[in-house]
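Notes follow the structure.
The values are calculated or read from the model by the stated rules, or taken from the named source; none is laboratory data. These figures come from a predicted structure and were not determined experimentally. Positions of Cβ are backbone-derived with ideal geometry, glycine not excepted, and every protein chain shown enters the neighbour counts.
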2 protein chains.
Amino acid sequence: MARRMVPRPAAVVVDLDARKATILEAVVIEHIDTAQPVGSSAVAASADLDVSSATVRSEMVALEREGYLAQPHTSAGRIPTDKGYRYFVDHLASGVLGTVQQQQVKDFFAGVRGEVEDVLEQTSTLLSKMTRYTSVVVGASHAHASILSVQLVNLDSRHHLLVTVFSDGSVVKHSLSPSFEATHSEVMEASRQLNALLIGTTLESRVQVPSRHDHEASLVREAVATLHASQPVMDGEQVFIGGSSNVAQAFDGVETVRQVLAILEQELLVVSLVQDMLNQGLSVAIGSEHGYEPLLACALVVAPVTIDGSPAGAVGLLGPTRMKYKEAMAAAEVVSAQLTRHFAGEDCSA
Amino acid sequence: MARRMVPRPAAVVVDLDARKATILEAVVIEHIDTAQPVGSSAVAASADLDVSSATVRSEMVALEREGYLAQPHTSAGRIPTDKGYRYFVDHLASGVLGTVQQQQVKDFFAGVRGEVEDVLEQTSTLLSKMTRYTSVVVGASHAHASILSVQLVNLDSRHHLLVTVFSDGSVVKHSLSPSFEATHSEVMEASRQLNALLIGTTLESRVQVPSRHDHEASLVREAVATLHASQPVMDGEQVFIGGSSNVAQAFDGVETVRQVLAILEQELLVVSLVQDMLNQGLSVAIGSEHGYEPLLACALVVAPVTIDGSPAGAVGLLGPTRMKYKEAMAAAEVVSAQLTRHFAGEDCSA
DNA sequence: GTTAGCAGTCAATTCTACCGAGTGCCAACG
DNA sequence: CGTTGGCACTCGGTAGAATTGACTGCTAAC
């Protein structure tokens with residue numbers, strides 16, 4: 001899967017003159033609204049530039065030559081290209097959330113309770129309900145969190161459960177199935193040793209395991225190995241996708257819908273996509289920009305969530321390239337800000 | 001949401017005579033294959049009854065009158081009704097899994113490792129890949145499992161994590177945020193008391209909590225209350241849905257697709273649907289039979305998974321009413337059997 | 001540089017005719 | 001009486017032609 005970083009439009013994109021920008025904006029807005037190609041006369045009428053459709057036409061020719069607009073066929077109106085959307089997003093799409101929705105977010109965060117996972121999941125639902133797009137909420141991996149507690153619990157003489165608690169409040173379990181039978185006291189002793197060994201370390205720390213050949217030492221070795229072999233992202237299960245039913249309406253063409261759904265099923269893929277983007281603050285990847293073929297028809301809005309200034313996850317919205325960028329960006333921004341505040345504030349278990 | 005139990009076709013459905021049954025079977029099979037109405041001549045040709053299309057026609061009229069077939073419009077062929085599918089499933093659909101797929105299942109279960117959750121999730125993926133339908137795998141709730149260990153871990157002086165390990169190998173966490181600050185030793189002491197109190201009990205047991213007013217007792221009370229208030233199904237998170245992208249192709253009509261996806265998002269609903277069915281062994285709910293409006297176009301195949309003879313979950317397949325019942329039922333049956341064996345056999349952590 | 005006007009293009013729509021799959025009915029047949 | 005071939009009829013789907021109308025690009029005039 002060929003991937004490349006999201007290309008921020010640097011000096012490449014020259015600012016359009018004011019009239020071209022207005023025309024482009026009108027086309028984008030109209031097309032987002034109607035899903036139809038937009039004609040020159042519609043633009044001339046809607047935008048507040050007092051020029052005739054003929055003038056708009058000649059400007060549109062220029063915009064098409066420069067790659068901001070495209071024509072599905074002669075004698076049709078224009079639709080924005082990815083580049084057109086990009087310009088729109090970068091220069092023209094400062095939106096504020098409607099007051100109703102703003103209240104909705106406030107109410108939600110005022111009333112939300114429970115485990116981090118539950119909060120994230122509910123946030124995901126909130127976002128998708130608000131925007132009618134598919135939302136992706138990614139929680140921080142606990143790769144850098146330190147271990148608060150390790151416990152080895154007997155299931156039976158051959159099977160034990162390793163329960164690890166991290167400083168970010170996450171808990172993971174691993175089963176151990178050693179090839180020998182261990183007594184209850186051996187397991188207890190191993191558990192004690194593991195605590196001594198691992199508390200305060202992170203999954204990335206190297207630790208000195210005992211090299212003896214007794215049962216305790218073997219258990220400890222196996223436990224440490226299992227723990228360190230675990231994939232932080234996988235184990236965290238910190239991905240919450242909401243509103244996937246919205247893709248059914250967002251795209252036309254069964255095959256596109258199927259492809260997007262299939263992508264969403266592979267949560268890992270979505271996570272990596274989101275994570276590629278979250279250094280840049282609130283950001284958007286449009287169509288080909290994320291470099292992932294099956295999502296050509298999609299745009300992805302991502303806003304990072306931080307805790308103590310360092311990245312702790314992200315919220316994202318996935319929609320068609322003709323998505324309502326203003327609303328989506330505003331929603332993502334507000335929700336990520338609230339989430340950041342939520343984690344900094346009353347609830348410290350994150 | 002109006003719901004009723006799946007009505008098993010008892011004495012109501014009179015056995016059709018052999019020829020009608022053959023004709024019905026031919027119509028069902030053909031329509032499942034082609035998604036088109038099936039005409040009398042096609043039936044006369046395909047089935048091994050040596051009668052003319054005219055005879056088939058008159059039989060079809062009867063089958064329609066009795067409610068097994070329907071005509072989309074005059075001068076079209078017939079399609080099966082839900083009742084028709086029901087008869088097919090009950091009397092005509094004994095299928096065996098293709099050897100290729102049988103091998104696929106075997107290979108999968110030979111190679112599968114890891115936590116119960118991972119096994120269930122991968123099973124779900126397997127099922128959906130094999131059948132091209134959406135799979136639902138439900139794990140047992142740990143409502144009846146006994147508690148093996150309880151541990152209270154300090155996050156900070158105001159926030160603690162209650163980690164509970166059950167005999168079925170599941171681990172759940174709850175945050176506690178008492179209104180007072182607790183010292184490390186108070187938390188340790190409360191943890192000890194909780195262990196003494198809860199080990200061996202189930203979530204349904206009543207336990208005697210201390211009534212003192214010190215910090216330890218308060219922590220213990222809060223912990224027990226939190227634990228007992230938790231929803232087993234919710235917390236277990238033991239629902240795994242795979243291949244939801246398949247719904248995009250399974251139904252025509254964007255709206256139907258959206259509705260089905262929306263249902264799948266509400267995992268609780270799917271679980272209750274499945275659980276209504278799993279007393280009956282391998283069973284099928286077709287169209288209106290599950291009594292849930294938005295799934296009128298769907299059929300659901302469910303096979304229970306047992307451990308030590310008692311129900312421990314289920315595997316299900318969700319598809320259109322014109323789904324390949326033979327294959328789907330065979331797949332569900334084989335996989336549930338393998339899963340049952342898997343849990344009984346080498347892996348005891350379930 | 002802007003505009004009105006005009007000819008040209010092409011998707012979408014409508015209309016028509018027609019085909020053909022499939023039915024229902026009936027008379028004849030064993 | 002059940003079965004069958006034959007026949008008229010229905011009606012959705014398709015193919016083609018005609019029409020519409022929303023655009024454009026171009027050009028000449030302002």
statement: Taking the range A:25-68 and keeping residues within 9 Å of DNA strand D (Cβ to nearest atom) and not in a helix (DSSP H, G or I) leaves A:Gln36, A:Pro37, A:Val38, A:Gly39
task: Can you give me the number of residues within the range B:188-205 that are within 11 Å of chain A (Cβ to nearest Cβ) and surrounded by 19 or more Cβ atoms within 10 Å (Cβ to Cβ)?
output: 1
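Answer with yes or no whether A:Arg212 is assigned to a helix (DSSP H, G or I) and more than 11 Å from chain B (Cβ to nearest Cβ).
Considered against the rule, which asks whether it is assigned to a helix (DSSP H, G or I) and more than 11 Å from chain B (Cβ to nearest Cβ), A:Arg212 comes out as no.
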Single residue of B:Val116, B:Val112 found to be of a type in the set (Val, Ile, Thr) and crowded, with 20+ Cβ neighbours inside 10 Å: B:Val116
- request: Please work out which residue is nearest to the other protein chains (Cβ to nearest Cβ), limiting yourself to the range A:104-140 and to residues that are assigned to a loop (DSSP other than H, G, I, E, B) and of a type in the set (A, V, I, L, M, F, W, C).
  value: A:Val112
query: Restricting attention to the range A:81-95, does a residue exist that is in a loop (DSSP other than H, G, I, E, B), in contact with an Asp or Glu (Cβ under 7 Å, 6 or more places away or on another chain), within 20 Å of A:Val284 (Cα to Cα) and at pLDDT below 95?
result: yes
message: Any residue that is among the small types (Gly, Ala, Ser), free of Cβ contacts under 8 Å to residues at least 40 places away in the same chain and under 30 Å from A:Ser245 (Cα atoms) - is there at least one of those in the range B:241-250?
response: yes
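Within the range A:141-165, can you find the residues that are among the small types (Gly, Ala, Ser) and facing chain B (nearest Cβ under 7 Å)? Write out each step before concluding.
From the range A:141-165, those among the small types (Gly, Ala, Ser) are A:141, A:143, A:145-146, A:149, A:157; that's our starting set.
Once the filter is applied, which keeps residues that are among the small types (Gly, Ala, Ser) and facing chain B (nearest Cβ under 7 Å), the range A:141-165 yields only A:Ser149.
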query: Just checking, which of B:Ala297, B:Ala344 is over 28 Å from A:Asn246 (Cβ atoms), out of contact with any Leu (no Cβ under 9 Å at 6 or more places or on another chain) and surrounded by fewer than 20 Cβ atoms within 10 Å (Cβ to Cβ)?
result: B:Ala344
statement: Over the range B:69-81, the set of residues within 11 Å of DNA strand D (Cβ to nearest atom) and in contact with a Lys or Arg (Cβ under 7 Å, 6 or more places away or on another chain) is B:Gln71
- prompt: Has the range B:102-117 got at least one residue that is under 20 Å from the mean Cα position of the chain (by Cα) and not hydrophobic (A, V, I, L, M, F, W, C)?
  reply: yes
query: Got a number for residues in the range A:23-43 being without any contact (Cβ under 8 Å) to a residue 60 or more places away in the chain and away from DNA strand C (no atom under 16 Å from the Cβ)?
result: 4
- line: Note on the range B:22-59: residues within 19 Å of B:Thr321 (Cβ to Cβ), crowded, with 16+ Cβ neighbours inside 10 Å and of a type outside the set (Val, Ile, Thr) are B:Leu24, B:Glu25, B:Ala26, B:Glu30, B:His31, B:Pro37
- prompt: Mind checking which residues of the range A:309-350 are within 30 Å of B:Leu176 (Cβ to Cβ) and within 14 Å of chain B (Cβ to nearest Cβ)?
  reply: A:His342, A:Phe343, A:Ala344, A:Gly345, A:Glu346, A:Asp347, A:Cys348, A:Ser349, A:Ala350
- request: Being outside any loop (DSSP other than H, G, I, E, B) and out of contact with any Ser or Thr (no Cβ under 6 Å at 6 or more places or on another chain) is the filter here, so list the residues in the range B:162-183 that pass it.
  value: B:Leu162, B:Val163, B:Thr164, B:Phe166, B:Val171, B:Lys173, B:Leu176
- request: Return yes when A:Ala312 is at pLDDT 90 or above, assigned by TED's automatic domain parsing to the domain that holds A:Ala250, at negative phi and of a type in the set (A, V, I, L, M, F, W, C) and no when it is not.
  value: no
- prompt: Regarding B:Ser53, is this residue modelled with pLDDT under 90, near DNA strand C (Cβ under 10 Å from one of its atoms) and away from chain A (no Cβ under 14 Å)?
  reply: no
task: Give just the number: which of (1) of a type outside the set (Ser, Thr, Tyr); (2) away from DNA strand D (no atom under 16 Å from the Cβ); (3) under 21 Å from A:Ile29 (Cβ atoms) does A:Glu115 not satisfy?
output: (3)
field: Identity of the residue in the range A:63-79, within 15 Å of A:Leu16 (Cβ to Cβ) and either of a type outside the set (Lys, Arg) or outside the structural domain of A:Ile32 (by TED's automatic domain parsing) (or both), that ends up farthest from DNA strand C (Cβ to nearest atom)
entry: A:Gly67
message: Anything in the range A:1-36 that is charged (D, E, K, R), out of contact with any Ser or Thr (no Cβ under 7 Å at 6 or more places or on another chain) and at pLDDT 50 or above? List them, or say none.
response: A:Asp15, A:Asp17, A:Arg19, A:Lys20, A:Glu25, A:Asp33
query: Among the candidates B:Leu261, B:Leu269, B:Leu219, which residue alone is away from chain A (no Cβ under 11 Å) and surrounded by 21 or more Cβ atoms within 10 Å (Cβ to Cβ)?
result: B:Leu219
- prompt: From the list B:Arg192, B:Arg132, B:Arg158, which one is of a type in the set (Lys, Arg) and not assigned by TED's automatic domain parsing to the domain that holds B:His213?
  reply: B:Arg132
- prompt: Does B:Thr134 meet the test of being hydroxyl-bearing (Ser, Thr, Tyr) and touching a helix residue (DSSP H, G or I) at 6+ places or on another chain (Cβ under 8 Å)?
  reply: yes
